[in-house]
Amino acid sequence: MKNIYEPEYVKQLFNQMSSSYERVNYITSFGFSIRWRKQFLNKLGKSAEKLNVLDIMSGLGENWVHLKTNFPNACFTVLDFSEQMIINSKLKANRVFGNNTEIMCANVLQSGLPDNNYDIVSCAFGLKTFNEEQFNLLAKEINRILKPGGKFTFVEVSTPDNKILSFFYSFYVGKVIPIFGKVFLGNPEDYKMLWIYTSNFKNSKKIKTIFESHGLNVNYSDYFFGCASGINGNKYK
Ligand SMILES: C[S@@+](CC[C@H](N)C(=O)[O-])C[C@H]1O[C@@H](n2cnc3c(N)ncnc32)[C@H](O)[C@@H]1O
């Protein structure tokens, strides 16, 4: 049986989805992804200082306009391991950040990013394709690359606890999404995979515990009654 958490498998999936991903994201989050993105990034506050900001699992750069607005004078690094996502986001990176950006095509779990270097790390919708061992590696990496006092924020689509919401959610996911998948994607199987990852992921509660066990200060948040969840916090000084 294939291991759906194998990096090569995940990378291939996102390479295939790169041209349709923005639409997929919007549809699979009921159009809420834009709002959640704003809310989870606002947890970082704003600063006009020349900070080092890192956006990991950056996809097509969906976080970037908001990050640039909140951190107008920062030096930005963006990282994704899908070659197609990187190729398709380069124009946007130049448009939003100008020359002030480093674009990295690498696995975030073995990136070689420098120790104690970043004031800010952000990540939207990148958690679900990791298993427990990989969450531990991720937490270790975030603790390593953040400066003391540096902040992080993550958000991921999740499965709500509320039974009524959960009923509509499963209907939407099980019946409606596959129809959208056929219309918008060449390969509806990719679409289904995103939902297998999401239902395995459930929510960010266990991520909070894992990040804490690696010495980070962590808060948990639900977005829209748990249809998305996330963590934010900082590395201790
Ligand atoms: C669901 S997309 C999210 C894209 C974007 N951050 C957004 O807000 O919509 C997840 C992205 O994470 C990338 N990714 C997944 N695992 C990764 C890893 N281990 N290292 C680097 N990038 C990874 C994928 O290639 C994909 O572009």
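The values are calculated or read from the model by the stated rules, or taken from the named source; none is laboratory data. Keep in mind that this is a model prediction, so the values were computed, not measured. Here the Cβ positions follow ideal geometry from the backbone for every residue, glycine too, while neighbour counts run over all protein chains shown.
Out of curiosity, is Glu83 within 10 Å of the ligand (Cβ to nearest atom) and exposed (fewer than 14 other Cβ atoms within 10 Å of the Cβ)?
The answer is yes for Glu83.
Considering each residue of region 209-237, count those that are surrounded by 21 or more Cβ atoms within 10 Å (Cβ to Cβ) and out of contact with any helix residue (DSSP H, G or I) (no Cβ under 8 Å at 6 or more places or on another chain), and give that number.
Selection size over region 209-237: 0.
Got a number for residues in region 62-80 being within 21 Å of Thr129 (Cα to Cα) and either surrounded by fewer than 21 Cβ atoms within 10 Å (Cβ to Cβ) or touching a strand residue (DSSP E or B) at 6+ places or on another chain (Cβ under 6 Å) (or both)?
Counting residues in region 62-80 that are within 21 Å of Thr129 (Cα to Cα) and either surrounded by fewer than 21 Cβ atoms within 10 Å (Cβ to Cβ) or touching a strand residue (DSSP E or B) at 6+ places or on another chain (Cβ under 6 Å) (or both) gives 4.
Identify, please: which residue in region 1-28 is outside any helix (DSSP H, G or I) and not β-branched (Val, Ile, Thr) and is, among those, surrounded by the fewest Cβ atoms within 10 Å (Cβ to Cβ)?
Here the answer is Met1.
Say we look at region 17-34 and pick out the residues that are more than 17 Å from Ile177 (Cβ to Cβ) and in contact (Cβ under 8 Å) with a residue 24 or more places away in the chain; which of these is nearest to the ligand (Cβ to nearest atom)?
Ser18
Does at least one position in region 108-125 carry a residue that is buried (at least 16 other Cβ atoms within 10 Å of the Cβ), within 15 Å of the chain's Cα centre (by Cα) and more than 9 Å from the ligand (Cβ to nearest atom)?
Yes, region 108-125 has at least one match.
With the condition kept exactly as written, say whether any residue in region 47-61 is surrounded by fewer than 19 Cβ atoms within 10 Å (Cβ to Cβ), touching a residue at least 60 places away in the same chain (Cβ under 8 Å), within 17 Å of the chain's Cα centre (by Cα) and more than 9 Å from the ligand (Cβ to nearest atom).
Checking region 47-61: not a single residue is surrounded by fewer than 19 Cβ atoms within 10 Å (Cβ to Cβ), touching a residue at least 60 places away in the same chain (Cβ under 8 Å), within 17 Å of the chain's Cα centre (by Cα) and more than 9 Å from the ligand (Cβ to nearest atom).
What single numbered condition from (1) touching a residue at least 12 places away in the same chain (Cβ under 8 Å); (2) away from the ligand (no atom under 13 Å from the Cβ) fails to hold for Trp195?
Condition (2) is where Trp195 drops out.
Taking region 1-16 on its own, how many of its residues are polar (S, T, N, Q) and within 9 Å of the ligand (Cβ to nearest atom)?
Number of matching residues: 1.
Which one of the conditions (1) of a type outside the set (Gly, Ala, Ser); (2) away from the ligand (no atom under 14 Å from the Cβ); (3) at pLDDT 95 or above does Thr159 fail to meet, given that it meets all the rest?
(3)
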